Amino acid sequence: MSENGALTWEEYIRCDATDLAQMIHRGDVSAAEIAQQAALATERVNPKINAVIEVFEDVVKDPLKDGMNAQGSFAGVPMMLKDLASRMKGRVQESGYAWQGGNVADDDDPLTRNLRQAGFNLIGRTTTPEDGMAGVTETIKFGITRNPWNLDRSAGGSSGGSSAAVAAGILPVCSASDGGGSIRLPASWNGLIGLKHTRGRLPLPAGLHEALLPSGVEGIVTRSVRDTAVIHDLICHKPLGTGFMPYPKPESLSAQLGVPPRKMRIALSTGNWSRAETVPAEHIERVGEVALWLQGQGHIVEQVNDSDLCNFEQLFASYKLANWVAPLGNSIPATASHFGVTLTPENTSSQALKLIEAAKSVTVDDFMNALAVNAQTTREFGLFWERGFDLLLCPTLGDRCPEVQSEQYALSSSLSFDEFFDHGMNLCRYTMPGNDSGLPAISLPAGLDVNGCPLGVQFYAPWCAEVDLIHIAGQLEDGKPEWFSQLAPYNVATA
């Protein structure tokens, strides 16, 4: 094996996960060789993008060590897990904090087992902001994760490390999670595909279910629609009793690949979704360009007003309290107490400490009333879908990819908590409703913004209709190939 790995770097970065799996299956390369190549790729670019916390050298040398299924569809394909949510047995998970170094998992979580059963070799962990609480990935302990499209700009959050690693060509796929847009946001800013599935489709970590964590889901970020579809089919297994919301076996997403296009009725929304701050012009223009392209393919596209969807002001107010302030403001100090840690400005971000203070004024009645609003919000979305729409097209985000150390978005911000959270809601105005309602949504690459960084467009579908998201994603990938499978300028072949 050469010092550059089993493949040339140009060959390696052209491969999606499906390509690598086929090469390993044919015997062109071994699982150990590809794992070593991913480790070498990390060495090449991670010093500048800071996306990877650690590489597990033991499973790089011996891919079967931790239970990888050698017969799985993706047998031997390396992957890293975001350092938040699902855990790996015997591995540390720090969730972005400077004080969780002793948090070692006793067992694999259900989704981790699904990934291993699919054949993935889990070789490391990627960066995330504290508890995934920001749209950028910058922490006291692990530093700044940078965007390989422009090293002065953020890779996004909270799945920033995973997205930067995939965009830079370290790996073709990484795990991700989404509590307010944290799959779709960094996918957009890194030119990737990010699917947020229907609430309850994938298993949550052990000890959690959808009633305890209604806004949070896990998934992956990829560079190809086929990887997104096939991998999600393989990881949707939920062991009996692990979810509050049992579902029948979901429809196959990969069955949509190559299916002839069918006409859909698509709602188009480019409104402000109740936020005062305007959206960059190119975001709206790109959504309009996609809408025109869809019409040219025979789809029916109809403009809708914000009021046709839901009461957004009510949604955002209840989301802030019930899905953010109350649960996180209480769980962070409880976790610190478990580890015998006193939270200080030296070990915890200023915005996390301000969040904890804000939670002290929330009463049980406040929390229950905010939860009750969700029933109204989800029904409003239900009424919208009952009008016969198949999909909803809108921007992914409300802002361009910012420079690092942004006062608006970084957890080190000196703003008041309310000001900071308001900026976050402006940014995630188009993604948060999917978490609050449980709807599936996907962010797809849509070219570059005025700063030369990627931006995305987003499609929503009715609950459990991920098949339609994959169908339209595949059609857009075929029709706009220049937007898809684009590696960042700073990648393992150019470093």
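Just so you know, all these numbers are worked out from the coordinates, no wet-lab data involved. Small disclaimer: the values here were computed from a predicted structure and weren't measured. Cβ placement follows ideal geometry from the backbone for every residue including glycine, while neighbour counts extend to all protein chains displayed.
Annotations for the structure displayed:
- Packing-based ranking, highest mean first, of 65-73, 84-92 given that Cβ atoms within 10 Å are counted: 84-92, 65-73
- For peptides 228-235, 304-311, sequence by mean Cβ density within 10 Å, most packed first: 228-235, 304-311
- When the helices of the chain are scored as -39500 (n - 2.57) per DSSP H run of n ≥ 4 and the total is divided over every residue, the value at 222 nm lands at -10500 deg cm²/dmol.
- Chain lengthening between Leu292 and Arg265 when straightened (0.36 nm per residue, less Cα-Cα): 8.4 nm
- Farthest toward positive dipole pole in the range 9-483 [+1 Lys/Arg, -1 Asp/Glu at C-beta], among Ala21, Ser224, Thr139: Ala21
- Working note: Debye formula, equal point scatterers on the alpha-carbon atoms of the chain, no solvent; log10 I(q)/I(0) at q = 0.08, 0.11 Å⁻¹ is -0.43, -0.85.
- Projected label points at Ala70 and Gln303, each 7 Å from Cα along the beta carbon direction, are separated by 6.1 nanometres.
- Sites Met368 and Lys141 - FRET efficiency at Förster radius 35 Å, r taken between beta-carbons, to 0.05: 0.45
- Placing +1 on the Cβ of every Lys and Arg and -1 on the Cβ of every Asp and Glu, with nothing else charged, gives the chain a dipole about its Cα centre of roughly 680 debye.
- Chain lengthening between Leu383 and Glu357 when straightened (0.36 nm per residue, less Cα-Cα): 5.6 nm
- In nm, spacing of pseudo-spin labels at Thr494 and Ser414 (7 Å Cα→C-beta vector): 3.6
- Ordering of 351-360, 192-201, 462-471 by packing [mean C-beta count within 10 Å, highest first]: 192-201, 462-471, 351-360
- By the Cβ-Cβ criterion of under 4.7 Å, the unpaired cysteines of the chain are Cys15, Cys174, Cys236, Cys310, Cys394, Cys428, Cys464.
- Local electrostatic count at Gly298 - Lys and Arg +1, Asp and Glu -1, tallied over other residues with Cβ under 12 Å: +3
- One decimal place: the segment Gln314-Tyr247 gains 21.2 nm when fully extended, by the rule 0.36 nm per residue minus the C-alpha distance.
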